């Protein structure tokens, strides 16, 4: 099989058998049953797992009427695929070495099934990325999976089906906008399964199963959306599976037969697959709610896919539990965080080994940068709830200033200590060729942000956190690139910043985030990026609950924090939008 280096370079992650069969089942559910022969294509077939799954789970009448075609770049994996298909006695499969992106194929396939390679811009290279983006009409931060999806839409026949296993990032990131736009117009998204952090797949990305049909989107059509994520906060035993609740019902896989439970089939499967099969069968059976496994506890949610009219906004799950209160929040809000504040990522030096240290004082006098250029640096470690940590460990050499309203690098001759230090590390800094290619000085920080902005009161929050950790900083510290920071827009009353802080740290913020954005990594870690925080709602600052929340935040900033105060923050945040907090779950309007 491919080496580890090749796997990383080509974005190869072979699909587990259970997941391959699930993907094939979902694809077959929409394939036209009246055609004489069904043409199936896997454009990145690897070891043939998806083609085998298509043959295994195909509706019985189709067994001898399927034409399987697989394309792959690797001769070695194609040989494995050929051997496996022959062993399964599949007649006349077509396997060939080729680059699907460059292949000339007619739109003649009934089912295109794929786990496309996930190769990011860094591996593709800037020139190749630009060429692919221009050629396929893609924009933003693209990866090879985006290109594959575009090509798949070009080779499926009218009425044909695409069954896609890909990163779930396309659902809710700005980078996924081009995919969301692609899957509209002459295509209809029939169902989406966000498999989240259920560990059904070994790839670093979190997977999603998407089934689309080449047909115009129906005006009143609904798209089922199911997602499964770790349920770390749940307490008590989970409910029993649906086929055992309050009756003597059989499990669905045993009805009318002697079949065993699907997670007990076979003993030669890879470790962890038993649990994978179990979770997938719970999805098949229509289960929702909490489920416990030896790998952890998960929550399955079901609803329909909500498509915002603005394609830059994420798709999200809408169901009976969240529809009413999302609508109430939308009607009660008067602004968003982005309307009131500027939300930016922190600095990115791209050479922390040079710019960031905790031992500047140990350097010799003639090689130590001047204190004027050494600024305290807030990282995710110091970004605490309510107030950022008082003691900052590291300082950053920050060679930027504002001159006549514009940012510029400082003149090194004015700072002999900094000049000596930077020239000592010039070789390292000049390796960042993209800096000088952008007509910047070799000693600049790549993303320095606003030199004057640091002195303003600001909210700082880590990019990744399990719960909101928004804290106020008034020290003038610089914010690192693992955090985001918020300052008020010109002309806004200072209390808006405190109201944002209160809403951001409330349970309402957490539940709104999960309902509208739901960009979670493993173990419930959320991404608090500009894209999401800027879209979060704000109530009327002049309302009684909002004024009370601002007063409470001031108390918390004075260090008077306790469990009762935190509970009161949650209560007031919900009341700001005319809602009550029913035990930490979304509820109806306040009466």
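The values are calculated or read from the model by the stated rules, or taken from the named source; none is laboratory data. Not measured: the values here are computed from a predicted model. Cβ placement follows ideal geometry from the backbone for every residue including glycine, while neighbour counts extend to all protein chains displayed.
For region 151-189, give me each residue that is in a strand (DSSP E or B), more than 19 Å from the chain's Cα centre (by Cα) and surrounded by 22 or more Cβ atoms within 10 Å (Cβ to Cβ).
156, 160, 161, 162, 163, listed by residue number.
Please work out which residue is surrounded by the most Cβ atoms within 10 Å (Cβ to Cβ), limiting yourself to region 371-381 and to residues that are touching a residue at least 40 places away in the same chain (Cβ under 8 Å) and assigned to a strand (DSSP E or B).
378
Going by what's in this entry, would residue 306 be described as over 26 Å from residue 442 (Cβ atoms) and not assigned by TED's automatic domain parsing to the domain that holds residue 181?
Answer is no for this residue.
Do we have residue 359 as surrounded by fewer than 16 Cβ atoms within 10 Å (Cβ to Cβ) and modelled with pLDDT of 95 or more here?
Yes; evaluated as a whole, the condition is true for this residue.
I need the full set of residues from region 501-534 which are part of a loop (DSSP other than H, G, I, E, B), touching a helix residue (DSSP H, G or I) at 6+ places or on another chain (Cβ under 7 Å) and surrounded by fewer than 20 Cβ atoms within 10 Å (Cβ to Cβ), in order please.
Residue satisfying the conditions is 534 alone.
Would you say residue 191 is touching a residue at least 60 places away in the same chain (Cβ under 8 Å) and not assigned by TED's automatic domain parsing to the domain that holds residue 521?
Judged against the criteria, residue 191 is a match.
Would you point out the residue of region 71-91, among those that are in contact (Cβ under 8 Å) with a residue 24 or more places away in the chain and in a loop (DSSP other than H, G, I, E, B), that is surrounded by the fewest Cβ atoms within 10 Å (Cβ to Cβ)?
Out of the qualifying residues, it is 91.
Among the candidates 344, 302, single out the residue that is touching a helix residue (DSSP H, G or I) at 6+ places or on another chain (Cβ under 9 Å), modelled with pLDDT of 95 or more and in a strand (DSSP E or B).
Step by step, each of 344, 302 is checked, and only 344 is touching a helix residue (DSSP H, G or I) at 6+ places or on another chain (Cβ under 9 Å), modelled with pLDDT of 95 or more and in a strand (DSSP E or B).
Count, please, the residues in region 560-577 that happen to be modelled with pLDDT of 95 or more and assigned to a loop (DSSP other than H, G, I, E, B).
Of the residues in region 560-577, 2 are modelled with pLDDT of 95 or more and assigned to a loop (DSSP other than H, G, I, E, B).
Residues checked against (1) touching a residue at least 40 places away in the same chain (Cβ under 8 Å); (2) touching a helix residue (DSSP H, G or I) at 6+ places or on another chain (Cβ under 9 Å); (3) assigned to a strand (DSSP E or B); (4) outside the structural domain of residue 496 (by TED's automatic domain parsing):
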{"position": "325", "(1), (2), (3), (4)": "yes, yes, no, yes"}
{"position": "328", "(1), (2), (3), (4)": "yes, no, no, yes"}
{"position": "331", "(1), (2), (3), (4)": "no, no, no, yes"}
{"position": "350", "(1), (2), (3), (4)": "yes, yes, no, no"}
{"position": "369", "(1), (2), (3), (4)": "yes, yes, no, no"}
{"position": "383", "(1), (2), (3), (4)": "yes, no, no, no"}
{"position": "392", "(1), (2), (3), (4)": "yes, no, no, no"}
{"position": "396", "(1), (2), (3), (4)": "yes, yes, yes, no"}
{"position": "408", "(1), (2), (3), (4)": "no, no, yes, no"}
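Considering (1) surrounded by fewer than 21 Cβ atoms within 10 Å (Cβ to Cβ); (2) in contact with a strand residue (DSSP E or B) (Cβ under 9 Å, 6 or more places away or on another chain); (3) not in a strand (DSSP E or B), say which one residue 148 fails and leave the rest.
(1)
From the list 444, 467, which residue is at pLDDT 95 or above and either assigned to a helix (DSSP H, G or I) or farther than 22 Å from residue 551 by Cα (or both)?
Criteria check complete, one pass: 444.
Considering each residue of region 460-500, count those that are without any contact (Cβ under 8 Å) to a residue 40 or more places away in the chain and either crowded, with 18+ Cβ neighbours inside 10 Å or closer than 22 Å to residue 333 by Cα (or both), and give that number.
Looking only at that region, the number is 3.
Among the residues of region 424-439, write down those that are surrounded by 14 or more Cβ atoms within 10 Å (Cβ to Cβ) and under 22 Å from residue 370 (Cα atoms).
425, 429
For region 23-47, name all the residues that are over 23 Å from residue 104 (Cβ atoms) and surrounded by 15 or more Cβ atoms within 10 Å (Cβ to Cβ).
Matches in region 23-47: 23, 24, 25, 26, 27, 28, 30, 31, 47.
Can you tell me which of 452, 473, 495 is over 15 Å from residue 375 (Cβ atoms) and either assigned by TED's automatic domain parsing to the domain that holds residue 514 or within 31 Å of the chain's Cα centre (by Cα) (or both)? Steps first, answer last, please.
Numbers: 452 fails: over 15 Å from residue 375 (Cβ atoms); 473 fails: over 15 Å from residue 375 (Cβ atoms).
Answer to the check: 495.
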